[in-house]
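Enquirer: Provided herewith is a single structure, encoded as structure tokens, for subsequent inquiry.
The values are calculated or read from the model by the stated rules, or taken from the named source; none is laboratory data. Being a predicted model, the structure only gives us computed values, none of them experimental. Cβ coordinates were reconstructed from backbone atoms using ideal geometry, including for glycine residues, and neighbour counts include every protein chain displayed.
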Amino acid sequence: MNFSENSRIWIYQSNRELAAAEVAKLQSILNDFTIGWTAHNNQLKAKAEVRYNRFIVLVVDESQAGASGCSIDKSVNLMKALEPEFNINLFDRFNIAYRTETSIKSVGRDEFEALIKKGEVTADTMVFNNLVQTLADLDTKWEVPFRDSWHKQVFGGLVMA
């Protein structure tokens, strides 16, 4: 199924990396959800995927039918139900993900600030902008250097160029 690059997306970030078996189970749940996902009794052209064993990406191509408040509520309720099932937190907006040389890590706001002060996070560190809203932005603006991200507005005064 092809999706428009203008398709709407939502990204939910887990506070920890999921094991392969958890990802397989989660992907099955997400597939079942997107197959039956509707807005005002109209089937949504939707898909979901787990990226890097940490991020859940929901996609809706609104050229067929638009996501409504109720349909978005259904997806949020699913995410809330997944949290205790997988022992994860998907709604902590200051759970910040970044790339090291060998892996993807996520830390809380205070720890991220401490990493900046120690020089372990720099202007060149790749961070994840989970605020992107379209499939095109997912490909081009999701994983960006700290200097080009929203993180700079919050923590920019701490980073050396």
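Enquirer: Failed condition for residue 81, given (1) at pLDDT 95 or above; (2) hydrophobic (A, V, I, L, M, F, W, C); (3) touching a His at 6+ places or on another chain (Cβ under 8 Å), with all others met?
Expert: Condition (3) is where residue 81 drops out.
Enquirer: Among 54, 99, 93, which is the only one that is closer than 21 Å to residue 149 by Cβ and in contact with a Leu (Cβ under 7 Å, 6 or more places away or on another chain)?
Expert: 54
Enquirer: Which residue pairs have Cβ atoms under 6 Å apart, sit 6 or more places apart or on different chains, and have a first residue in segment 32-54 that is modelled with pLDDT of 85 or more and a second that is among the acidic types (Asp, Glu)?
Expert: Sorted first by the residue in segment 32-54, then by its partner, the pairs are 45/61; 53/17; 54/17.
Enquirer: Still on this structure, I have one more. One residue is enough: does segment 8-26 have a residue meeting the conditions touching a strand residue (DSSP E or B) at 6+ places or on another chain (Cβ under 7 Å), without any contact (Cβ under 8 Å) to a residue 40 or more places away in the chain, closer than 23 Å to residue 133 by Cβ and charged (D, E, K, R)?
Expert: No, that holds for no residue.
Enquirer: Is there a residue being of a type in the set (S, T, N, Q), within 15 Å of the chain's Cα centre (by Cα) and outside the structural domain of residue 18 (by TED's automatic domain parsing) anywhere in segment 65-80? Outline the logic, then answer.
Expert: Quick first cut of segment 65-80, residues of a type in the set (S, T, N, Q) only: 68, 71, 75, 77.
Filter once more, keeping what is within 15 Å of the chain's Cα centre (by Cα): 75.
Add one more test, that the residue is outside the structural domain of residue 18 (by TED's automatic domain parsing), and what stays is none.
Checked against the condition, which is being of a type in the set (S, T, N, Q), within 15 Å of the chain's Cα centre (by Cα) and outside the structural domain of residue 18 (by TED's automatic domain parsing), segment 65-80 yields no hits at all.
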